[in-house]
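The values are calculated or read from the model by the stated rules, or taken from the named source; none is laboratory data. Only a predicted model underlies this, so the values are computations on that prediction, with no experimental measurement involved. Positions of Cβ are backbone-derived with ideal geometry, glycine not excepted, and every protein chain shown enters the neighbour counts.
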Amino acid sequence: MDPRIWSRLPQELLELVLSFLPLKTFLNLRSTCKHFDSLIYSPSFISSHSPSSLSSFLLLSHPQYNERFALYDSIHGIWCGSSLSPLQLLPSPSRTSTLVSTSNGLFCLSLPSSSSFVVCNFMTKSLRKIDFPTFPFSFEHLTFVSAPLGYKIFITSNATAFLYDSRFHSWRRFRFDSPDFILSDSSYQEGVYFDGSLYFTVSNRGPSSIVCLDPESGKLEPQVSDLPQNITFTRLANDGERKLYLVGGIGTNGISRAMKLWELSGEGKRKRWVEVESLPELMCRKFMSVCYHNYEHVYCFWHQGMICICCYTWPEILYYKVRRRTWHWLPKCPSLPEKWSCGFRWFSFLPEFSAVV
């Protein structure tokens, strides 16, 4: 290849070629040469190519995975032969950090023996360390939400709420007016950002209580719409746009005999939960046997048109395709040893170059 000819290749054509590469090959190009590395992260490339061209993934973590995450390509429906390790971006002493949340293209990790978090973009190899405002470091509940203008980290600790806003690089502290509001006993279930507020499941007012927090005022209030009757547990998911979904078990004496999906509909005080679908009986039996009616291990999240319902003790995902209105089980990772039990954490990963830390 005569460099006198190929050196004249227009940059926009090279960017177009790169956009068709598989994710693994795309990432390997970073170490090929400085020119490719700078070209991949150039503003023109970022603005010209959407994250959808890089596919989207579900990450599976486990304490015995040695700081790596199994990758499931949700567009092509296959497990990837390679794994992902965002911890490689951190200095060696911090590589025992725990991935606590993801949002679009960003990872949020808690650092061991430190009152700090790290937010990083694996694609651009950028990161930011964020010190927690109190010490000793402990938190009961964390929600991580990113948006085009930045990201927020919401944490509860000892009936106090802390909110970090990346736009100002600062924390705000709130104290709940009603101390009897305790967030869901599932430490795996995050809050959901919807319509300018953070929504959470409340555990000690029965399984059918939801509260919302106004991030500006710090005011915590009960969610106004009535929930369906005979609910044994509730989990929330947001499609990232205009819809809020509720996944819940239906039964008596704290035992679920069915599981259903609702959507919040209406405006203001007219909001109400409208039933969308019921989980088929056989799939419901399997899911309930998986969690042994211990619903604190159940959590859910939104991923590319799917509502994913997971259990800390089970290596599979039950998911609902919203447009097709169908339920499915995601196949077990073939590289996962049979003897592993508990500790399974799933995350949504949408590679995005424009996500700024």
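Every residue in region 32-71 that is farther than 30 Å from residue 316 by Cβ and at pLDDT below 70, please. Full working, then the answer.
Going residue by residue through region 32-71, those that are farther than 30 Å from residue 316 by Cβ are 32-49.
Those that are farther than 30 Å from residue 316 by Cβ and at pLDDT below 70: 39, 40, 41, 42, 43, 44, 45, 46, 47, 48, 49.
Can you run down the residue pairs with Cβ atoms below 8 Å, 6 or more apart or on separate chains, where the first is in region 313-336 and over 21 Å from residue 69 (Cβ atoms) and the partner is of a type in the set (Val, Ile, Thr)?
Close Cβ pairs satisfying both conditions: 320/307; 320/309; 320/326; 322/307; 325/276.
Would you confirm whether or not region 78-86 contains a residue that is at pLDDT 85 or above and touching a Pro at 6+ places or on another chain (Cβ under 7 Å)?
Scanning region 78-86, I find at least one residue that is at pLDDT 85 or above and touching a Pro at 6+ places or on another chain (Cβ under 7 Å), so the answer is yes.
Quick one: count up the residues across region 105-163 that are within 21 Å of residue 302 (Cβ to Cβ) and modelled with pLDDT under 85.
Residues flagged as within 21 Å of residue 302 (Cβ to Cβ) and modelled with pLDDT under 85 within region 105-163 amount to 6.
Can you confirm whether residue 308 is in the same structural domain as residue 233 (by TED's automatic domain parsing), within 25 Å of residue 99 (Cα to Cα), within 20 Å of the chain's Cα centre (by Cα) and assigned to a strand (DSSP E or B)? First the steps, then the outcome.
On the way: in the same structural domain as residue 233 (by TED's automatic domain parsing): yes; within 25 Å of residue 99 (Cα to Cα): yes; within 20 Å of the chain's Cα centre (by Cα): yes; assigned to a strand (DSSP E or B): yes.
In short, yes.
Taking region 259-293, which residues are in contact with a Ser or Thr (Cβ under 7 Å, 6 or more places away or on another chain), buried (at least 16 other Cβ atoms within 10 Å of the Cβ) and in a strand (DSSP E or B)?
Answer for region 259-293, where residues must be in contact with a Ser or Thr (Cβ under 7 Å, 6 or more places away or on another chain), buried (at least 16 other Cβ atoms within 10 Å of the Cβ) and in a strand (DSSP E or B): 260, 264, 273.
Could you tell me which of the residues 291, 300, 284 is closer than 30 Å to residue 86 by Cα, out of contact with any Phe, Trp or Tyr (no Cβ under 8 Å at 6 or more places or on another chain), in the same structural domain as residue 81 (by TED's automatic domain parsing) and in contact (Cβ under 8 Å) with a residue 12 or more places away in the chain? Working first, answer last.
On the way: 291 fails: out of contact with any Phe, Trp or Tyr (no Cβ under 8 Å at 6 or more places or on another chain); 284 fails: closer than 30 Å to residue 86 by Cα.
Only one candidate passes the filter, namely 300.
Name the residue, out of 229, 189, that is modelled with pLDDT of 75 or more, out of contact with any Gly (no Cβ under 8 Å at 6 or more places or on another chain), part of a loop (DSSP other than H, G, I, E, B) and under 24 Å from residue 270 (Cα atoms).
Working: 189 fails: under 24 Å from residue 270 (Cα atoms).
From the options 229, 189, the qualifying one is 229.
Hey, residue 254 hits all of (1) touching a Leu at 6+ places or on another chain (Cβ under 8 Å); (2) surrounded by fewer than 22 Cβ atoms within 10 Å (Cβ to Cβ) but one; which does it fall short on?
Going through (1) touching a Leu at 6+ places or on another chain (Cβ under 8 Å); (2) surrounded by fewer than 22 Cβ atoms within 10 Å (Cβ to Cβ) one by one, residue 254 breaks only (1).
For region 115-133, what are the residues that are surrounded by 17 or more Cβ atoms within 10 Å (Cβ to Cβ) and not in a strand (DSSP E or B)?
Matches in region 115-133: 122, 123, 124, 132.
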